[in-house]
Amino acid sequence: MAQFRSILPPVELPIMPLREVVMFPRSISPLFVGREASIKSIENAVEHYERQIFLVTQRDSSLNKPSDADLFEVGTVSRILQLLRLPDGTIKVLFEGLYRALWKLSTPAFPESSVPTEVNEACQTAMVSPLDEEDGPREEASAVIRAVLESMDEYAKFNKKLTPEVLHVIATNAEPGKLADAVIPHLKTKYLKKQEVLEAVSGVLRLELVLELLQSEISIAGVETRIKNRVKTQMERNQREYYLNEQIKAIHKEMGREEDPQVELNELERRLHEKNMPVEARERALREVKKMRQMPTSSAEYTVVRNYVDWVLDLPWNALKDTVIDIENARAILNADHFGLDKPKERILEYLAVQKLVNKLKGPILCLVGPPGVGKTSLAKSVARATEREFIRLSLGGVRDEAEVRGHRRTYVGALPGKIIQSLKRVSSNNPLFCLDEIDKMSMDFRGDPSSALLEVLDPEQNYAFSDHYLDMDYDLSRIFFITTANSLQSIPLPLQDRMEIIKLPGYLETEKSSIGKHFLLPKQIEAHGLTGKNLRLSDNALLEIIRTYTREAGVRGLEREVAAICRKAAMQIVTLDDTNKQVNVTCQNLSQFLGVKKYRHGEQESDPHIGVCTGLAYTELGGELLLVETALMPGTGKVSTTGKLGEVMTESAQAALSYIRSRSDIFGLRPDFHKEIDIHIHVPEGATPKDGPSAGITLATSLVSALLGIPVRNEIAMTGEITLRGRVLPIGGLREKLLAAHRGLISTVIIPKENEKDLKEVPAEILQGMSIFLISHVDEVLPRALLVDPMELFPGRESAVPIYRSLRHIHHVEETSANAAQ
C-alpha cells in the first residue's frame, strides 16, 4: 500500500459515505442523499463547519450502514453549494470537491506515528488530513499531459458532451494532478478504478492511470460506433422497426456469439442428401437452399422458402411402415369389431388376399356406402388395425375449396399443402390407410370443385404422380390404401364413382340390433356408468321394444343412447338407496318408467280390410317401412291430387297407375270417361316424411282399383313393384329391408316383382319363415290376390268385373237392375 503524506494538520469534519460514486477535487457533482446518518452529517456541516464535509466512498455499495472498516482511506473534502429538500424526505445536494484527504481511526491496527483521528460516537465526524501530491520528472509529466490532451480530442469525437469549450477548460490545467481531476469525471468507468486514481500518490501516476482508462474508453467507444454504423446500414436495407433486434445481433456478432446462417443452411443440405426421397424432389429443395444463401435472413421471402424446404424434408417420401396381411387374423378382427355385415367383410378379405399375392397395393379404391351408424368408418379403422397400417381419417363434409385437397400455391400469404399431404406428414409414413369420410357431402363454389381434384387422388393409374399446388412436384400416393365412405351415391359425381368399387352396407336387421345391443352395447354402457352385471338386467323383449318404438334408424347409435339412458336411471336408483347390490330389472311393462312415452309408431298391418287402403313397402336410409296408400273418390271434374309430401317420381307413378286403369276401363266395368265426373285424392300418411321412388306403383294401382270398384284390399298383404302403362311390374331395390319391415309388421303375404327372385337369396331365413312370397310380372296377377273378392268369380264368362259396392253408380256400365241382381 502506498505511503500517504499529509502537509497540513488534521481538521474535524462531518463524514458522509458514498455508494458507487467517487468525488474528485475541483469537480462539481449533484447527489441525492437519503440515508438518515448522511442527512445528519450534511445538516451538521451546514450548521457548524461552514458547509464543509468529508466525502468518502464505501467499499461495498450494498451496505446501508457501513462501518469505518468498510470505507476507503482516501476521500475528498467538499463544500456544499446548494441544498434542496424533496417531498419524499431525501435531499438533493450540489457538492464541490476541494482537496483530497486521509482519515484514519486511532486503533491498534495503525502505528503510533500515524496521524491521530477522533470520531464521535455517532461516527458522523472524523479528523481528516489533506494529502500532499508528489511531482514526478517534468519531461515525463509533459509527455503524459500531451498524451492525455490528444486522447481527449479523440475521445471527444465519440462523446458529444465534450464540447470545444469543455476541452479548452480541461487543457488549462498544466499540473498532472489537476488535469487528472478534470478528466476523470468525464469517463464512464467503474468507481473502483476511479478510487485508484484518487488514491494515487504522484500526480504523474494519477494522470497515467487516467490515460489508461481514457484509452480503454476510446476503444470501447470505437466498438460502439462500429456497432451503430453496422446497425444503421442494416436498418437502411430493411425496415426501421427491426432496429433493436438488429442492434442486438450486431452486439452479439461483435462479441462472437452470433450463429452463422450459413451453418444452418449447410445443415439443411446435409439432411437433404441423407433423406430417402426422389432425386427430383432433392434437387428442387437444394435449388431452394441455394436461393436462401443469396437472401438476407430478415427477408420475408427467406421465411417462405425456409418453410417450403422444411415441408419437403418432413414428408415421408419413401418411408414405408412394415405391413402384415394375415387373412385369418384380419377376419378375426373384423368379426370382433362388427356384428353381421358378412358381404362387406368378405369383399374386404378378398381384396386383402389379392394384395398378399401380388405384393403391391395397386387396385380399386373401396367405397363403403350405407346409412348413418352402420359402422363404415369403424370398419375402415378395423382394416387398418388388421393390416398394421397407420390410420388417417379426413372428413370431407362441407369441403368446397379445391385447395383443401391440392393445397395453395406459394404465391399466397400463409400458403400450405393440401390436407392429404398434411396428413402424411403427421403420420410419418407413406403407406397408411386413408379414410376419406363423408365423400358425398362435398360441394363446390367459385373456389373450385374438390370432387374433381379427388379424381386424380383416387385413380390408381394416376395417383403415383399426384401434384400438390404447394409442393409443385409429383408425389406418389399409389402405396396408400384409400377407403371412402358415403351415405348415398346420388350426390357423388359419376366419374368419381367410376374410380371406386362400391360396397354397400345395409342397415341392421332387428335380430342383428338385438344381438349387438345385448352382447356389446349393454356391457359397454354398464361399465361406462360404473355398474356391474348384477345391478342391471334388461330383458330381450324390452330390448326389442326399444328397437321398435324408441329408435328409428339403420344403425345402432340411437339404440346406444337409449341403453345409456336406462343405465343412468339405474345408477340414480342405486345411489338414492345407497345399495350397491340392488338389481334393477327392465321389462316391457316398466320400460316407459325409464324412457318415457314411446317415440315412434311401430309399423303394423291394418286390423281390418278397407276400401281404397293398400299396404306398400318402402326403403329409406333408416331401413324398411310399411307404407299405407289411401284413395278417396268424390264427385268432381276429373281432378287428381296427391298429398303426403310425395316426390316427383312417386307422383308420376300415381299418374301411370291411373292411366293404366283408364286404358282397361272396359275390363274393370268402368265407363271410358269415368274420370271426368269424379275427383281422385291419393294420400300417403305421415305427411311430414318425404316419400319418393317408383316402387309404390302396384300399391297405387291396387288402391285406385279398390276405390273405383268398391272392393276392400286384404289387410294381411303388402306389395312393392314399379308399374308401366301396360301394367308390367318392374324390379325394385332394397328388397331385404322391405321384407324385414313386412316381417316386423306381421304381414303374412308379400307380392314382389318376379325379376327380384334372385334377391331372395340375400334375405335371412328367419324373415322368410312363415311368410308367403308371390312373384308377379303383371298387375293383372296382383288384383285377384290383393282384393278381398275376385269379381271374375262372381260373373263367370264376363271379361269385365262387376262392382260389389257402388257409391258412385254413374261411372259404371252396368244398369241398376243388373247391379241389384248381382248384389
Potential extension, residue 60-residue 583 segment - 0.36 nm per residue separation minus Cα distance: 180.1 nm
Extension gain (nm, one decimal) between residue 400 and residue 169, 0.36 nm per residue minus Cα-Cα: 75.0 nm
The range 610-733: C-alpha pair distances exceeding 19 Å, %: 43
Residue-level accessible surface for residue 325, protein heavy atoms, 1.4 Å, Å²: 40
Relative contact order, percent, the range 175-225 [alpha-carbon distance under 8 Å, six or more residues apart]: 46
Relative packing of 31-37, 552-558, which averages over residues the other C-beta atoms within 10 Å, highest first: 552-558, 31-37
Extension reserve of the residue 393-residue 51 stretch, reckoned as 0.36 nm per residue once the Cα distance is removed: 114.3 nm
The chain: relative contact order as a whole-number percent, Cα under 8 Å and 6+ apart: 7
Relative compactness, the range 493-560, computed as alpha-carbon Rg over 2.2 N^0.38 Å: 1.52
Volume in Å³ per residue [convex hull over Cα atoms, computed for the range 272-379]: 178
Heavy-atom SASA rank of 99, 550 (probe 1.4 Å, accessible area, largest first): 99, 550
Heavy atoms of residue 406: accessible area, 1.4 Å probe, square angstrom to 10: 40
All-pairs alpha carbon distance profile, the range 368-516, 5 Å steps from 0, percent: 2, 9, 17, 22, 20, 14, 7, 4, 2, 1, 1, 0
Those lysines that a straight Cα-Cα span of less than 20 Å connects to residue 761, excepting residues fewer than 8 apart in one chain: 343, 345, 504, 738
Nearest-10 value in Å² for the accessible area of residue 168, using the 1.4 Å probe: 130
Of 422, 305, 320, farthest towards positive along the dipole that unit charges on Lys, Arg, Asp, Glu beta carbons give the range 302-425: 305
In degrees, nearest ten, helix 735-744 long axis to first principal axis of the chain (Cα): 80
Euclidean distance between Cα centres, the range 49-105 to the range 295-312, Å: 60
Per-residue HN-Hα couplings for the range 512-528 [Karplus 6.51, -1.76, 1.60; θ = phi - 60°; Hz; x = Gly/Pro]: 5, 5, 4, 5, 5, x, 6, 9, 10, 5, 5, x, 5, 6, 4, 5, 5
Sequence of 444, 23 from largest to smallest accessible area, 1.4 Å probe: 444, 23
Spin-label pair residue 270/residue 32, simplified geometry with 7 Å Cα→Cβ offset, distance in nm: 5.3
Förster radius 22 Å - calculated FRET efficiency between residue 532 and residue 561 (Cβ-Cβ, nearest 0.05): 0.55
C-alpha long axis of helix 540-549 to longest principal axis of the chain, angle in °: 90
Residue-averaged [θ]222 nm for the chain, counting only DSSP H segments that reach four residues, each worth -39500 (n - 2.57): -12000 deg cm²/dmol
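The values are calculated or read from the model by the stated rules, or taken from the named source; none is laboratory data. As the structure is a prediction and not an experimental result, all values here were calculated from the model. All Cβ positions, glycine included, derive from the backbone under ideal geometry; neighbour counts span all protein chains shown. Each accessible area value is taken on the protein alone, full model and side chains, heavy atoms only, with ligands, DNA and RNA left out. Shrake-Rupley method; radii C 1.70, N 1.55, O 1.52, S 1.80 Å.
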